[in-house]
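Take a look at the structure below.
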Amino acid sequence: MKLEQLQKYAETVIKIGVNLQQGEKLVIKSPIETAEFARTLATFAFEAGAGDVIIDWKDELYSKIRYQKAPKDVFDSFPQWKKDFHMQLAEDGAAFISIAANDPELMKDVNPDVLMRHQKTINTALKEYRDRLMGNKNAWNVIAFPTKSWAKKVFPTLTEEKAVEKLGDAIITSVRADLSDPVAAWETHKRNLKERMDFMNHHQFKKLHFQNKLGTDLTLELPEGHLWTAGAEVTQDGIDFIANMPTEEVFTLPHRDGANGRVVSSKPLPYNGNLIEDFSLTFQNGEVIDFSAAKGYETLKGLLETDEGSLRLGEVALVPHDSPISNSGILFFNTLFDENASCHLALGKAYPVCLKDGNKMTPEELASAGVNESLVHEDFMIGTSDMNIVGIRKDGKEISIFKDGNFIDTKL
């Protein structure tokens, strides 16, 4: 990645992604393979007036060694100091950046039961911290940077060097860092996404019906007072930020009891260092009652068995097939990118900000309103070039939203 592009990317993440404020602390969660980029982010953060920058390093190769060699009972506990680390910084108002650059199949030789056991331990320990982020109490942002193992998965026929270069170019283009003024380009993109968001919020659809030739035939009920959001989100202190870069989606929450029918995946789902491919889920009154997978069945089974809420949906997102990441023709094997090339759903926890006054409600009030709760939130892709989506309003009127994979008209 060229130095100028690297710097533009970092500057855009700091100014637009987390919109770092003067004196605010920043936490960067980074794989050790992306150390150079993490340091560049830190440099721009300090120049923007950060009160401090803390880098939380991750080593996935060591994690694999630990999963394979450590006593199994170590995965049933989570150090209190790690929980305190996250909570203290979150309560201090820090912003959080996560660099997503994992090898999508690194853990394929690891016992999936151990992986799920540890993931549940982590999610339980950090639930309060993650609730804060999903409730937009802190600004947060997920981005990516090319690594050798990930790049070779995406471009297996290229040399390692060429694969990293090509993946880097694709990332830079997707986040608009190849343009002369990425910050201005993002402001324009945010306005375009807002048009679609306003269209969906105007109609306040009671139900959405998804159909395609792949086999998806799913009806989703939306709760009363649901809110569609897109592009920029807002912290409880009124600071705009962008949670995912890139982002092409308009999303909200379905009613936890309102999914009925069958949905078929359109792209592989990387989860816990494994790939789940060619899978389907059948829903009845919001709950998965049957599922299948050509690859990664045990991994999917473990995800669904995390808790009661992991059998239900927490997000529905609309992404046109004719969009930049989809048009690149690249399968990234990384949900951050693949979910922005395709309509998608998420198993597990819903975002309270997608319900009117949701951030002010108690857990009991959220549940009563139809908001799903879970230790997980896992997006999976369902969009195709022939996806049709019909919205049904409260008055019974049906409005075609998607035809042949794309929005029909979002002008009010």
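The values are calculated or read from the model by the stated rules, or taken from the named source; none is laboratory data. Since the model is a prediction, treat every value here as computed from it, not as a measurement. So basically every Cβ, Gly included, is an ideal-geometry build from the backbone, and we count neighbours across all protein chains shown.
Data overview
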quantity: Inter-residue pairs, beta-carbon under 9 Å, first of a type in the set (Lys, Arg) and in the stretch 125-139, second in a loop (DSSP other than H, G, I, E, B), 6+ apart; calculated: Lys127/Leu375; Arg130/Lys349; Arg130/Leu375; Arg132/Asn138; Lys137/Gly93; Lys137/Thr235; Lys137/Gln236; Lys137/Asp237
quantity: Top-ranked residue in the stretch 125-170 [being under 16 Å from the mean Cα position of the chain (by Cα) and β-branched (Val, Ile, Thr); ranked as surrounded by the fewest Cβ atoms within 10 Å (Cβ to Cβ)]; calculated: Val142
quantity: Residue that is surrounded by the most Cβ atoms within 10 Å (Cβ to Cβ), among those in the stretch 183-228 that are polar (S, T, N, Q) and touching an Asp or Glu at 6+ places or on another chain (Cβ under 9 Å); calculated: Asn212
quantity: Lone qualifier among Thr410, Thr335, Thr384 - being outside the structural domain of Leu222 (by TED's automatic domain parsing) and on the phi < 0 side of the Ramachandran plot; calculated: Thr410
quantity: Selected residue (criterion: farthest from Gln211 (Cα to Cα)) from residues of the stretch 386-412 that are exposed (fewer than 14 other Cβ atoms within 10 Å of the Cβ) and of a type in the set (Gly, Ala, Ser); calculated: Gly396
quantity: Every residue from the stretch 50-82 that is of a type in the set (D, E, K, R) and over 15 Å from His118 (Cα atoms); calculated: Asp52, Asp56, Lys58, Asp59
quantity: Subset of the stretch 166-186 (residues that are more than 30 Å from Ser149 (Cβ to Cβ) and without any contact (Cβ under 8 Å) to a residue 60 or more places away in the chain); calculated: Ser180, Asp181, Ala184, Ala185
quantity: Candidates Met387, Met361, filtered to the one that is within 22 Å of Phe205 (Cα to Cα) and of a type outside the set (Phe, Trp, Tyr); calculated: Met387
quantity: Qualifying residue in the stretch 80-96 (condition: of a type outside the set (Val, Ile, Thr), assigned by TED's automatic domain parsing to the domain that holds Val164, under 30 Å from Ala151 (Cα atoms) and touching a strand residue (DSSP E or B) at 6+ places or on another chain (Cβ under 7 Å)); calculated: yes
quantity: Unique residue being within 23 Å of Lys213 (Cβ to Cβ), in a strand (DSSP E or B) and free of Cβ contacts under 8 Å to residues at least 12 places away in the same chain when the list is Asp290, Asp278; calculated: Asp290
quantity: Pairs where the first residue, in the stretch 152-165, is assigned by TED's automatic domain parsing to the domain that holds Leu106 and the second is among the β-branched types (Val, Ile, Thr) and modelled with pLDDT of 95 or more, C-beta under 8 Å, 6+ apart; calculated: Val154/Ile330; Ala163/Val154; Val164/Thr147
quantity: The stretch 86-121 - residue that is in a loop (DSSP other than H, G, I, E, B) and touching a Leu at 6+ places or on another chain (Cβ under 8 Å) and, of those, nearest to Phe46 (Cα to Cα); calculated: Ala94
quantity: Positions within the stretch 39-85 being part of a loop (DSSP other than H, G, I, E, B) and either surrounded by fewer than 14 Cβ atoms within 10 Å (Cβ to Cβ) or under 23 Å from the mean Cα position of the chain (by Cα) (or both), in sequence order; calculated: Gly49, Asp59, Ala70, Pro71, Ser77, Pro79
quantity: Residue in the stretch 253-263 that is crowded, with 24+ Cβ neighbours inside 10 Å, at pLDDT 95 or above, in contact with a helix residue (DSSP H, G or I) (Cβ under 6 Å, 6 or more places away or on another chain) and within 22 Å of Ile401 (Cβ to Cβ) present; calculated: yes
quantity: Boolean, Gly370 is assigned by TED's automatic domain parsing to the domain that holds Leu227, surrounded by fewer than 19 Cβ atoms within 10 Å (Cβ to Cβ) and on the phi > 0 side of the Ramachandran plot; calculated: no
